Amino acid sequence: MKALRHRQGLLLGIAVLLLALWWLRAPLAEHMLPRSATERLLVQAEAALAHGRLSADDGSGALQRFHAVLARDPDRAAARAGLEQVARAALVRAEQRLADADQAAALALLEVARAAGAPGAQVDALLQRVHSRQSSEAVLMHLLDVARRAQAQGNLDGGSDSALAQFNEILERDPGNVLALAGRDGVLAGLLAQAQARLAVGDSASALAVIERVNAVAPRHLGLPATRAALAQHLGDLPAQAALHRAAVAAALQRGQLDAAQSVFDALPDVQPDDPLLRREIASAWARRAIVEAVRGRTRASQSARQHLTALAGDTEQRGLIVLLDARAQHWQLRRVGEPVERQWAVLFAALQGDGQAAAISSQRHCFEQALAAIALARAATCLEALAALAPRADADQADRTRLARVYLGVAEERLGRGDIEEARQAAYGAQLWNPGDAGLAPLFVRLGQLAR
């Protein structure tokens, strides 16, 4: 009996021991059979991935750990699957960083994705988007710097190099740009201050041109009501009549503020059909600007000027200007694309990049005088266009434009005398481009129309 109880106790002890051994099997196995270094690296890599630590300079990131596993055991499937997860996670995060405008972080994550074996096409496509965003931001910062310099120099409005034009271009590219919006508001406030100053000296036409320009850009500008009230008070509370608007257009054109002239012209549409000379002057000014901007290589500004000209092309005279404009723009495009055939063209294009402007102006002046004396009108026009391009804030000198237009008119008369209507018409368009107010233009176009019929 005693032996039986002893045996039962022994069996019970063995059972308890076996149960304990089963319960403690994992710790004992870890103690008695330690996990290999490869296994430990794999566990650490999976833990890093689970915590979102895709890469780390000290080697503790999931990318580095999975690569370390594969270096020890190239056939470890779990490590390859882990790298695929790292690549997918890095691409997703790179998209998020790009959406947050954090290009530096997006680039770093793309490096991680590439190192983890992400498809090259996916990485390259996202990389191109990052570089495009960086390039766009660089362009915007350059435009902002140029706009601020122009504003500091007092070049508020009047051409593609003005502060207002630069701020507007930034806002076309990035409509919500806070810095550009604030800068443009400051420029408009400065223009309204100029309008007040012109009113103070009795120049209501120039003041009206500035007011209409500001109204065209920002109709709700806070300074507009007060400036309009000052203008009304200056006029004795009488509404601005057509004559004042014509004077305002002329004043804006005289100052080289073509956008302001167009704004006044648009603000009084009933004047347009009854004033062909006014339409001709504005159209010719837009054509000249389109050509000059093409010379400078500013395609965007040139196209904008051409669009204005097209909108004004209500009759044969203006449509003829478009034909002439296209020919001149093509001429300058070929000059830029092709190798300069003469030293003066190399000098000109260097000056347009800011190097040797004085030498280029002297060269083009000499070219203009020689060509005009030889009645080589296409060459004279080219040199005058170049002169205008070298002085961004001004059109070609009025006296030079008048001289060139008079020679064009003489050629037109001579071609008419020979019965060559088409060449006479082209010469008439040249005269219109350079001096649309010439008294000889209107009768010349009448005769051309009669002969054509």
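The number of residues in segment 105-130 being part of a helix (DSSP H, G or I) and under 16 Å from residue 56 (Cα atoms) comes to 11. Within segment 185-208, being of a type outside the set (A, V, I, L, M) and either in contact with a His (Cβ under 6 Å, 6 or more places away or on another chain) or over 13 Å from residue 223 (Cβ atoms) (or both) holds for 198, 202, 203, 204, 206. Among the residues of segment 179-197, write down those that are under 15 Å from residue 230 (Cα atoms) and buried (at least 21 other Cβ atoms within 10 Å of the Cβ). Scanning segment 179-197 gives 191, 192, 195.
Would segment 422-436 turn up any residue that is of a type in the set (Lys, Arg) and without any contact (Cβ under 8 Å) to a residue 60 or more places away in the chain? Within segment 422-436, not a single residue is of a type in the set (Lys, Arg) and without any contact (Cβ under 8 Å) to a residue 60 or more places away in the chain.
Exactly one residue out of 449, 417, 354 is part of a loop (DSSP other than H, G, I, E, B) and either farther than 30 Å from residue 157 by Cα or at pLDDT below 85 (or both), and it is 354.
The values are calculated or read from the model by the stated rules, or taken from the named source; none is laboratory data. These numbers were taken from a predicted model, which means no experiment stands behind them. Positions of Cβ are generated from backbone atoms using ideal geometry, with glycine treated the same way; all protein chains shown enter the neighbour counts.
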